Each structure stands twice: as structure tokens, then as C-alpha cells.
1. Calculated FRET efficiency, Gln955 and Glu742, Cβ-Cβ r, R0 56 Å, to nearest 0.05?
2. Would you kindly state how much longer the chain becomes between Ser684 and Tyr634 on full extension, computed as 0.36 nm times their sequence separation minus their alpha carbon distance, in nm to one decimal?
3. Anything over 32 Å Cα to Cα? Flag those among Lys761/Lys899; Lys392/Lys469; Lys455/Lys652, in the order listed.
4. When N counts the residues of region 149-203, how does its alpha-carbon radius of gyration compare numerically with 2.2 N^0.38 Å, as a ratio?
5. Name the shape class, rounded, prolate or oblate, that the alpha-carbon gyration tensor gives for region 905-986, where a ≥ b ≥ c are the square roots of its eigenvalues, rounded holds for a/c under 1.5, and otherwise prolate holds if a/b is larger than b/c and oblate otherwise.
6. Could you give the distance between the Cα centres of region 861-899 and region 726-740, to the whole Å?
7. I'd like the FRET efficiency for Val522 and Glu424, computed as 1/(1 + (r/R0)^6) with the beta carbon distance as r and R0 of 41 Å, rounded to 0.05.
8. Hey, fewest Cβ within 10 Å first, where do Cys906, Cys377, Cys888 land in order?
Amino acid sequence: MAAVLLRNPHARRRLPVAASLLPTQSSLKSTMLSCIQREEAKSISKKICDTVSELASGILPENGWPELLPFVFQCVSSDSSKLQESAIYTASLQCLSSNSVSSDVKIASLNAVISFVQCLSNSTERDRFQDVLPAMIRTLTESLNNGNEATAQEALELFIELAGTEPRFLRRQLIDVVGSMLQIAEAESLEESTRHLAIEFLVTLAEARERAPGMVRKLPQFIDRLFAVLMKMLEDIEDDPAWYSAETEDEDAGETNNYSMGQECLDRLAIALGGNTIVPVAYQQFSAYLVASEWQKHHASVIALAQIAEGCSKVMIKNLEQVVSMILSQFQSPHPRVRWSAISDWSVCSRAAMDDIQNPRVQAHAASAVLNFSENCTPEILTPYLDGIVSKLRATASKSINGKQMVQEGALTALASVADSSQEHFQKYYDVVMPYLKTILMNATDKSKRMLRAKSMECISLVGMAVGKDKFRDDARQVMEVLMSLQGSEMEADDPITSYMLQAWARLCKCLGQDFIPYMDVVMPPLLQSAQLKPDVTITSADSEDEAEDSDDESMETIILGDKRIGIKTSVLEEKATACNMLCCYVAPTLVPLLKFYFHEEVRRAAVSAMPELMRSAKLAIEQGKSQGHDLSYLKQLSDYIIPAMLEALHKEPDTEICVSMLEAINECLQISGNLLDRRKIRSIVDEVKQERANAEDFDAEEGELIKEENEQEEEIFDQVGEILGTLVKTFKSSFLPFFDELSSYLTPMWVSGWIKQPKKDAICIFDDVAEQCRDAPLSKDVHSLNLCTLYYDTYLPFVLEACNDESPEVRQAAVYGLGVCAEFGDLFSSLLLEALSRLNVVIQQPNARQSENAMAYDNAVSAVGKICQFHRDSIDASQVLPAWLNCLPLSNDVIEAKVVHEQLCSMVERQDVDLLGPNNQYLPKILTVFAEVLTKKDVVTEETAGRMINIIRQLQQTLPPSALASVWSTLNPEQQHALQSMLST
């Protein structure tokens, strides 16, 4: 209290403490230093340090306290952490608060404080330095007020480091800190670098959600002001004539540092904060920008929309009509740059821009947008647009033969993608497209057209695969002759044709099948040679003077590892990755070690994808008698080599996306090897599953929405782990139950409401597999298996029942399917039968139950009711339940369940089920209507069931009175009547 009383009155009146204490100064100084050494209470020690700093600021410049600095150094060197902390706190506060200290000293003090805060082990210790924060901010603002931006930039860099490592340290004074940074970011009079650093601080703070979740979202006006600053930066773009001509690949012509900063930070901010936070702010600001007259504002809006799309996609898709309207309006912009940006945003509209001959770059970008669109399309979605797309691409490329090569290459790449996505539907365009593609392949021989020729190879091979061998065979011979000629010629090391040709050979092999065998002697040697390429690596010092020169070399990728800079020739790695993707036979010793090839992720990815193909090839060769004497023991040796190697690589893999691919590949390998797997291998797989689940134990429910929006790869890991467990259960059935028992404690938490939908769905699917595949356990003489099975039903069935009404359609589908499985195979299900029917009825009776997102759950619920009717008829009122079930038919979304249900219906009619037909056959018209609909949709009924349905209708024609049959017939629509007449007449 004495320290507070001594300091505060003088501080409030802005009077130096030292000036008013001259008579007692010597005694006071000694007492203060002694108190610092003796005081144990941290709160009191801090107040004493505050007073020492205040006193020192007045007398140190006049050398009035010579004992202080030696005392501080003594404390810093002490073994007492309390004294070390007190010394640093006192010194830093004095330096940062003093007007007589130079800016260099203040920056050094700021650096010291931030470094020390980062070193402290817990928040309680860090909070002792909270009172230094205002002085830290004053160091920054005073530098700016004095026009010393270089010092301010140093301070900003230190604050950025603090925001990234210890954001919680800023929490108590977050509004003031963020407010100061926003003022700097908004001050257009300051240097670009200064404003960029302030923005970097704010974005870094937003990205630090793992250390401070939700902190910045709660700040008033933070998002609005920062988003406005970034939008303003996107306006800073020059109307560079070089951009229009598309003479070079430089798409960034005219873009300023401000523009690039705005783009990058919008992308990061959207990913960090998610769509629920960003989209409302974005739409509000877009509205104001799009009514402005300046083209830069329109351009900024469209670019910003593209930048936030990754982080906000789930929310934006809910407002798709608004997004589409905004983009479409910009297709009519008088400025080419705005049109170019609009094409980036919406690939579906890109065909309208391919006529923009006056602006080749817009044409090329339109072709690129078609590529992006078609890559994610099913043939059913793409086919209605093929006439327009193919004709535009063909016309665009033709007009560019003597013009811009960039446009022609883009058109070829897009055409290849369209062919790949549309498959057999592309046959209609083959005769128009293929002659043109062969012309390029044979005539584009200049060095300047190497990439164009490579693109033609890619397009030809993908078109060939799409239309099939019969259509492609004659042209394939000519193409193969050209490729063989190129294979035998000497090509330069950087020739892109090498990589494209490797891929073309593989596609042609897949397309032509046995007809490709004569070419194997030509293809295989260079393919193996490429797969075994050694990485071209150079190692230099991290601070080598050649850094700038290396960074400009686009063929080199640089990695800093400790004090070394590792340069890797990427073209070599890309060729290696391509070759690995092409090889599937005799290459296990080459590819398995590449699962841990950490120089290049594409090599690892290719090696992963090859593992199941290797095993599949070996199994097929054994089954078809082409394995040169090898039997199943060879397949077991191969699986014993591959699966453990993949598990080991999975444990060390740093890339989440590759982890997903590895889990998927492991599952395929397990399906191929089947019960060749021994208990030791099963044990290693189970242990790895435990590890993957343990990695998710730190899930934060507050972050659930962000994980749902942004971390879909993590959900895919859960999905693939569930698939692996399902495969093991299906393969080993009840003998896997002891292993499953070990995993149950890891799976149970995934059922609770706080978990995101994917883990919950996966947990239910695993239970479904156990219920379906281990149905022999209750009949088993193995008491342990019987007890485990009973335990699982008792434990998990209540969760399954509750999940039937989950808000997620995927979870509901898994749950209602599980009830169907239990109804069919579960002898322990009877006690929950009525509750199960009630839950299923809720799913079926929902007003929007048949909408696309709910349709799969609906079909599975109807199927489950059918199984209850079939296997538990004595426990229900069938006269009520069966007509209600019939009224839900036919099913059309889940074709697997649809076939099961329609076969059930057929069997009931064949045995003249009284409850189904109803009194006086009153439900027969409905049954015939279902038959008619099912028979006109071949994919929802097996051929065998369809034949039985037709026989039933023929029998009814013979047995029913004509008036009754006419009455039934009148309930069918003309299309159904015609379809049935046609089937009955054959």
C-alpha cells in the first residue's frame, strides 16, 4: 500500500516522484531495492517495481541512482525466477515509459518484453506484464507521431510475433490494441509497409484461434473496418495495357503491393473466421461497391468474392442466388479486367466469355474456368451443355491457331477435361474434334510449340478413353506411331512432352487393353527409368548470398532446414511422380520406400495410390493363372510387405490430405488381402486406429462450426478410419469382436451431441457393420463373443435410436439403416421394437422428407420398416403398418435399398399377403402403380424381381374381373400404361 500511495498521487499530477522526495531519496532507494529482494507476494512485488520504475525515470538520466543498474543485472543473473522477472519488468517499464530514452532503446525493451512473455510457462506469470502493454503501444504510436516509421515498423513486427504466439496476452486490452492497429491500417498517409504490417498483425491475431478461440469475433466493428481496408486495397490496381494483349503469361500485370496484400489477407481472414462471420460483412460492402461508377470497385468486389470463397463456401452456397446474380451482372461490365474476374468466380457462365476475341486473356481464362467447372461434373450434369461448350472450345482454339498460343493451350486443356467428365457422351463430337487434335500433334514441331503439342497428347488420350477402344482404334494407331517416334528421339531435359507422354502412354494402355501389348517394350524402360530418378538436390548455407538468385529460379523449390537451405529441382520430382503414377506391375521395391519420400508430396501421393493397384494386379494374375507359378502365399507376402509399410508411413505423414489417401489405400489393401491377414497385422492396424482417434481428443466444441466448414479433411480421416473398421468387421466377423472391444472406449465419445456429424455418422456405421456381420455371435459357443455382442446392443442401440432424429441427414441415414439391420439380424432387438417404429415414423413423416438432402434417410427408414414387418410380424399391428409402408413406395434414391424393398413387396404380393392387399384387395391399385413406376426405372429393381412383377400383372389380367382391372388401370398415368403394355406384350 505504501508503494501505491507513494507513486499514484505524483503520477496523477504528472510530477516526478524523485523531485518531491529529495530529503529522503537515499533511504527510499535502498528500502525499495531491499523490498524487491525480500517480498514474496507477487502482487505487492509488482507494485514496488512500478514505483521503482517511476522513481528511476526521474533520476537515472542525471546518474541519480548508480546502484540500480548493477542491482538489475544481479537480479537477472540470479537463480531466483522471481528476481529475474522483477528485474526485467522494472527495466522494461522504465525504458518504455521514459521520454528521455532513444527509440532504439525502446525497441530493444519492447523486444525484451515480448521475448520474455513468450518464455513464461503459464498465463498467470504472463499476466504480471499486462501493465507494460500500454507503454508498449505508446512506443508504436509515438514513433508514428514523430514521423519515425522505420522504428514503428520494427515495433509492428514484434507485435506480429506476439499475436502469433501469445494472443491471450493481449486479451484484457484487446479493444485498445486492435483499435490502434486499425487506425494505422486505415491511415493512407502512412507508408505502405507500415499499413501492411498493421494489417498483418490483425490477420495473424484472427488466425490464432487455436490459442484464443473466438476472441476477435467479439470485437465491435473489427471485421467491418478491417474488411473495408482490404477492399480499399483491392482498388489499387493499374490499367496496364500489357495485360490486355496476353503476349506473356504474366497475369499480375498492373497489380500493386496493396492489391496483392488485400487478396492474400481476405483469403486468410475468411479461412480464419469462417463464413458466418465474414459473409454478412462482405455482402454489405459488395452492395455499396457494385453501385459505384468506378470499374476498380466492381473489380474489387468480384475479386474479393473469389478470395473469400474457400473459407465461406458452406455459407455462400446457402445464398447462391445472390452470388450468381452478382457475378452475372459483371459479365456485362465494359471493362475487360472486371469480366476476367467474373469468369474466375463462376465457371458455369464462362462460355459467354469465349467470344471475347479482342481480349485473348479473357478468352484463355474462360477456357480455364470451363476446365474447373467440368472437372467436378458428372456426365449427367455436363451432357446438356456439351453442344455449346464443345463448339465454343473448338471455335476458340481454331481461331487461335495463328494467334495466341495461350488461348489454344487453354482450350485444349478444357476440351480434355470435358471429354474426361462426359465419357461416352463425347462420342457425338469425336469425328469433329479428333482430326484437329491429330493435326496439332503431327505439325506442332517448333520448340516454341512444345507445350501445345504436349497438351494435344493429353487431349487425344483423354478423348480416346472417353469414347472407348472401338471408336478410337483406327486413330490410336497413328497416334502411337507419333509417340513412338518421339520416344526414340532426343529431347531436352526441360521438354514438357516427356511428362505428358508418360501420362498419355498410361491412358492409351488402359483404353486399348490387350491391343497395347506390342508397345510395352518401348514404353516400360523409360517409365522405370523415370520412376527411379534421384532427386537433384543442392545444399547451401541458409544465409548464403545466392538466396535471391535461387528464389528467382522457377525450376527450383527451396526448403530451409535449420541453418541449411535445400534446393530441389522440381522438374525431376514431377517426372518421377508422373512415372510412379503410371506403374502398377513389378515395382513394389521401387514404390514402397517412396511412401516416406518427404522431398515431394506428389511422389508420396503417387506411391500411396499404387499400393492397392500392386496388390490387385497380383491377385488378378493369381486368379487368372498368369502369375508364373505364384499362389496366394505370394499375395500374403506382398500384403505383409505393403500394409505395415503404409501404417508406418501413416504414423509419420505430415500432410492431412495424404493421410486420408493412405487410409483409403490401406482399406483397399485390406479388402484385397481378405482373411490372409494374420492377428499380428490386425493388431498393428487396431493400434494405428487408436492413435488416429487419440489425435482427435482435443476437439473443441466451440470450434465445431469452423471445423465443419474448414477442416473437411479431418472429417475424411474419421470416415476412412470407419471404413477400415468396417472392412475388418466384414472380413473377420465375430472373431474381430475382441479387437473391437478395445476400440469401444475410443468410439463411444463420438456418439455425443458435441461431436461434428462425420465422426458420429462413422460411429453409427461401425455399429451397423458389427450388427450385420457379427450376427452369428449370439448363436456362437464362444461365451466371450456372445457377451460382447449383448453388451454392444445394450450400449449402442439407445444411441442409434436417438440419432434417428439427428439434425444431420447423413447421421439419420446411418441410424435408420442400423435399425433395419437390427430388425433383420438382431435377436436382442424385440424389446425396442415399438420405439424403433416411432422413431422411423418421425423420419418418414417429416414435411421435407423426400427432398434431395433427406431422401437417402427416407429410403432407409422405409426399408427398415419393411424389415420389421418381415422379421417381427407377430410383434406389430401389420394391418396398420403394412398399408402405411406401401404408401411410401416406390423408392428411387438409395438404389440398393430400393431393390431390397421392391423385392419384399413382390414376395408379399406373390404369397397374397392379406395385410398388404387389404380388405377386398383395396390396396391393389396402389401396388400396381408402384410396379408400373418401378418397371420404368430399371435401376431400382433387379432383373429377376422385374420379371416376377410382370408375371404377377399377367396373372391379375387372367384372374381379376375386367371391370376391376379397368378400375386399377385408370389410376395409372398414360406413360405408365404405355410402359406396362409394352412389357406385357413381350
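Every number here is computed from the coordinates shown, using simple stated rules; none is lab data. As the structure is a computational prediction, the values presented were derived from the model and not from experiment. With ideal geometry, Cβ positions are generated from the backbone for all residues, glycine too; neighbour counts draw on all protein chains shown.
1. Values: r = 55 Å, r/R0 = 0.99.
Rounded to the nearest 0.05, the efficiency is 0.50.
2. Fully extending the segment from Ser684 to Tyr634 adds 15.9 nm.
3. Numbers: Lys761/Lys899 24 Å; Lys392/Lys469 26 Å; Lys455/Lys652 37 Å.
Violating the 32 Å Cα-Cα cut-off are Lys455/Lys652.
4. Taking N as the residue count of region 149-203, the ratio is 1.06.
5. Working: a/c = 1.59, a/b = 1.17, b/c = 1.37.
Here region 905-986 falls in the oblate category.
6. Their Cα centres are 29 Å away from one another.
7. Values: r = 29 Å, r/R0 = 0.71.
Approximately 0.90, to the nearest 0.05.
8. On the way: Cys906 23, Cys377 17, Cys888 20.
Result, fewest neighbours first: Cys377, Cys888, Cys906.
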